[in-house]
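What follows is a single structure, written as structure tokens, with notes after it.
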Amino acid sequence: MNGTFEAYKTVAFDIIREQLADLANSAEAREMARGLVPCMEEGELRRSMRDTTQARQMLELAGTPPMPAMEHTAEFVARSVRGELLTPEEMEEIGMFLAAVRRVRSYLDKGISYGIPLSYFGENLRLMPELKEEIEGAIRHGRVDDRASNALRDIRRDLQLLEEKIKDKAEALLKSQKKFMAESFLVTRNGRLCLPVKKEYKSKIPGSVIDRSASGSTVFIEPETIARMQDEIEGLRIEEDCEERRILYTLMDKIAMEEDGFKENLALLAKLDFVFAKGKLSAQMDAREPAINTEGIICLKEARHPLLPEDSNVPLDFKLGGEKRGMVITGPNTGGKTVAIKTVGLFVLMACSGLHLPCREADIAMRNLVLCDIGDGQDILDNLSTFSAHITNVLEILKRATGESLVILDELGSGTDPAEGMGIAIAILEQLRLRGCLYLVTTHYPEVKTYAGRHAGLISARMAFDRENLRPLYRLEMGKTGDSCALYIAKRLGMPEDMIRTAASEAYGDGAVQEKSQKRPKEKSQKPPGRQWPGGLERIPVPGIVPIKRKPAAANPEEGYTRGDSVEVLPKGEIGIVVRPADQTGNVLVQVKKEKRLVNQKRLKLKVRARELYPEDYDFSIVFDSVENRKARHQMERKYVGNIEVRAEE
């Protein structure tokens, strides 16, 4: 099912695979669970589904199987084959693995008595009883046991007797030479049994000085008589080590000879661990085995999304296939459309992967691809808008979809101009219809609903909505179309009646407003009285920006008026702009509404200085000159033109 990996995340199939991995004991089975993909061969899928069903039966009849962890078994066997000596602890782990194989075999034998075919896998397990008994007889508590060989038993017995003899001899010397001793007990230094002798009496005790105390006041002497016996002990320990190595190498060779048997066991146990993990997941979800078909029919009864809480999980009834290849689902926002289509996509992936489904009954069509476009798909790194992301995804889907695919598109044609989005949505539906694949789309466009009604191969469905109580019911109703219920939902979420009426008027016309308002009595507002925005929406106080308090620039008429100053012309209070400062008679040329007037400066009141309104190099000809004058002046500045006249400002 290449090409569906994005769908795994979109419909949460990757979460289901992780839950499956958590139910496995071995690393190999966990890896198989995380890599689970839908089957492309019908025979393989039916075998996989049968294994899941039988594992569930075994769990209910015989309990959880005693599956071994198998963490290091393969490594230890490989090292044995290479001739690397294993430690007694590693040998013991091999023996524990063989004991676990026997327990699994016994567990599966119970299934045979119940008539469960999966149990016959146990007959393929290699028990290796002789190797198991040899390891258990030779290794105990992480060391080579005395019973491993007669020679080892005799060597260890001689060691024990000699050690006791040395100890008795040393204690006798300790008591007889008590006056020369610094302590009243024997000590061991550098692996040798010694007497703690006072420094000044070291010549009184024949033997070798092995060590001294930190203060130097005590010397640790190994008596000559004990030294000879300790040399014998060293020889016996060498013999013991050689015999232990001989035993371990013998066992290692036998393990290496059973390499094929270990590999078969490991592969089969990993397979069984994975199969029983599927059975555990089925039991955990209270799931059922779905029927599988290749006729392109998907039918679900009381399907429950496995990741939703049980108390809020509304069962889904769904049917698609046969003559009806496509479904257009309508209904309100927050009404459950997306959950419904994700449930269908997830169930198809789970069933085609050999997993049971949490529903009362299901019949699932095998699909070569499950292709989804759900969510806005925005990516700021790719600089994609919501609409661009949708179109990019849909085009990739259309390139891959065949008659054996399942295509799921959410909010078809959304994210752009409604008229154009509607047209694109219908064009996409037409392409899907021509391909013959199974497809599910959700939409709010009435035209798309109409399109669905024109084609026999499409079926309409809607998410039920309780208009009386203004709440979605999350129930899919087949063969019906629904509206978005946007006004009802907006009202439920607190939009004031005035805004609802305005929205209804714009959407349906004034006649529809009265009709809709008659359907429901006006509800009393639950909001406390207070200031409101226009339209009846409650006004919530928010903090405002506090600017720095600046002193207004003082307008000083005594400075005289300059070009660009904003002035008020009295007595009418008209606002104008100074074109030319006052002449000798005190008259100022002022432009008022594109009309230039000579006004005595006594009739002017300064509003704002030009330096506060314009930059220093501002070209006032833009304000005061006509277009013709500006063009003429521009040409005169470039070169002399004899037939051009520039009128002076008046």
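The values are calculated or read from the model by the stated rules, or taken from the named source; none is laboratory data. Here the structure is a predicted model, which means the values were calculated and not measured. In this analysis, Cβ positions are derived from the backbone assuming ideal geometry, glycine residues included, and neighbour counts consider all displayed protein chains. Ligands, DNA and RNA are stripped out before the accessible areas are found, and what is left, the full protein with its side chains, is counted by its heavy atoms. Shrake-Rupley method; radii C 1.70, N 1.55, O 1.52, S 1.80 Å.
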Pairs under 8 Å by beta carbon, first residue over 14 Å from GLU136 (Cα atoms) in region 236-255, partner polar (S, T, N, Q) and buried (at least 20 other Cβ atoms within 10 Å of the Cβ), six or more apart or different chains? ASP253/SER80
What about GLU133, is it in contact (Cβ under 8 Å) with a residue 12 or more places away in the chain, out of contact with any Cys (no Cβ under 8 Å at 6 or more places or on another chain), in a helix (DSSP H, G or I) and within 30 Å of ILE247 (Cα to Cα)? no
Condition test on GLY261, is it touching a residue at least 40 places away in the same chain (Cβ under 8 Å) and either within 17 Å of MET49 (Cα to Cα) or touching an Asp or Glu at 6+ places or on another chain (Cβ under 8 Å) (or both)? no
Scan (1) touching a residue at least 12 places away in the same chain (Cβ under 8 Å); (2) open to solvent by 30 Å² or more (accessible area, probe 1.4 Å) for the single condition GLY279 breaks and write down its number. (2)
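Conditions tested, residue by residue: (1) at pLDDT 95 or above; (2) open to solvent by 10 Å² or more (accessible area, probe 1.4 Å); (3) in contact with a Gly (Cβ under 9 Å, 6 or more places away or on another chain); (4) outside any helix (DSSP H, G or I).
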position: GLY3; (1), (2), (3), (4): no, yes, no, yes
position: GLN19; (1), (2), (3), (4): yes, yes, no, no
position: ARG50; (1), (2), (3), (4): yes, yes, yes, no
position: GLN54; (1), (2), (3), (4): yes, yes, yes, no
Can you confirm whether ILE166 is out of contact with any strand residue (DSSP E or B) (no Cβ under 8 Å at 6 or more places or on another chain) and of a type outside the set (Gly, Ala, Ser)? no
Do we have any residue at all in region 495-511 that's under 30 Å from HIS444 (Cβ atoms), outside any loop (DSSP other than H, G, I, E, B) and at pLDDT below 65? yes
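Among what's in region 552-568 and is touching a strand residue (DSSP E or B) at 6+ places or on another chain (Cβ under 8 Å) and at pLDDT below 85, pick the residue that is surrounded by the most Cβ atoms within 10 Å (Cβ to Cβ).
First pass over region 552-568, keeping only residues touching a strand residue (DSSP E or B) at 6+ places or on another chain (Cβ under 8 Å): 553, 555-557, 561-568.
Right, trim to at pLDDT below 85 and you get 553, 555-557.
Details: ALA553: 10, ALA555: 15, ASN556: 9, PRO557: 13.
Filtering first and then ranking leaves ALA555.
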Going through region 411-443 in order, the residues found to be modelled with pLDDT under 85, touching a strand residue (DSSP E or B) at 6+ places or on another chain (Cβ under 7 Å) and not hydroxyl-bearing (Ser, Thr, Tyr) are GLU411, LEU412
Checked region 592-626 for anything polar (S, T, N, Q) and in contact with a Gly (Cβ under 6 Å, 6 or more places away or on another chain); matches are ASN600, GLN601
Based on what the data block shows, is GLU89 within 39 Å of the chain's Cα centre (by Cα), open to solvent by 10 Å² or more (accessible area, probe 1.4 Å) and closer than 16 Å to VAL144 by Cβ? no
Only one of these is among the aromatic types (Phe, Trp, Tyr) and either surrounded by 23 or more Cβ atoms within 10 Å (Cβ to Cβ) or out of contact with any Cys (no Cβ under 9 Å at 6 or more places or on another chain) (or both): PHE347, PHE318. Name it. PHE347
Pairs with Cβ under 9 Å, 6+ apart, first in region 35-54 and closer than 14 Å to VAL275 by Cβ, second open to solvent by 30 Å² or more (accessible area, probe 1.4 Å): LEU36/ARG17; MET49/GLU289; ARG50/PRO117; ARG50/GLU289; ASP51/LYS271; THR52/GLU289; THR53/GLU289; GLN54/PRO117
With the requirement that a residue be in contact (Cβ under 8 Å) with a residue 12 or more places away in the chain and acidic (Asp, Glu), what does region 578-623 give you? GLU612
Identify all residues within region 123-147 that are open to solvent by less than 10 Å² (accessible area, probe 1.4 Å) and in contact with a strand residue (DSSP E or B) (Cβ under 7 Å, 6 or more places away or on another chain); write none if there are none. ALA138
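Could you check, for region 199-207, whether at least one of its residues is assigned to a helix (DSSP H, G or I) and either touching a residue at least 40 places away in the same chain (Cβ under 8 Å) or touching a Gly at 6+ places or on another chain (Cβ under 7 Å) (or both)?
yes
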What's the total number of residues in region 148-176 that are touching a residue at least 60 places away in the same chain (Cβ under 8 Å) and either surrounded by 15 or more Cβ atoms within 10 Å (Cβ to Cβ) or closer than 28 Å to MET91 by Cβ (or both)? 12
Could you go through region 86-96 and let me know if any residue there is assigned to a loop (DSSP other than H, G, I, E, B), under 28 Å from GLY279 (Cα atoms) and of a type outside the set (A, V, I, L, M). no
Suppose we filter region 396-423 for residues that are more than 16 Å from ALA7 (Cβ to Cβ), surrounded by fewer than 19 Cβ atoms within 10 Å (Cβ to Cβ) and among the aliphatic types (A, V, I, L, M); how many remain? 1
Check region 219-230 and report whether any residue there is in contact with a His (Cβ under 9 Å, 6 or more places away or on another chain), open to solvent by less than 20 Å² (accessible area, probe 1.4 Å) and more than 30 Å from ARG126 (Cβ to Cβ). no
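Which of the following residues is within 30 Å of ALA277 (Cβ to Cβ) and open to solvent by 60 Å² or more (accessible area, probe 1.4 Å): TYR201, TYR107, TYR120?
Values: TYR201 fails: within 30 Å of ALA277 (Cβ to Cβ); TYR107 fails: open to solvent by 60 Å² or more (accessible area, probe 1.4 Å).
Just a single option satisfies the conditions, and that option is TYR120.
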Helices (runs of 4 or more DSSP H) completely within region 569-650 that count 3 or more residues being at pLDDT below 75 and either open to solvent by 80 Å² or more (accessible area, probe 1.4 Å) or under 19 Å from GLU559 (Cα atoms) (or both): 627-638
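Which residues, taken from region 88-119, are of a type in the set (Ser, Thr, Tyr) and without any contact (Cβ under 8 Å) to a residue 12 or more places away in the chain? Quick ask: steps written out before the conclusion?
To start, the set of residues in region 88-119 that are of a type in the set (Ser, Thr, Tyr) comprises 106-107, 113-114, 119.
SER106, SER113 - these are the residues of region 88-119 that are of a type in the set (Ser, Thr, Tyr) and without any contact (Cβ under 8 Å) to a residue 12 or more places away in the chain.
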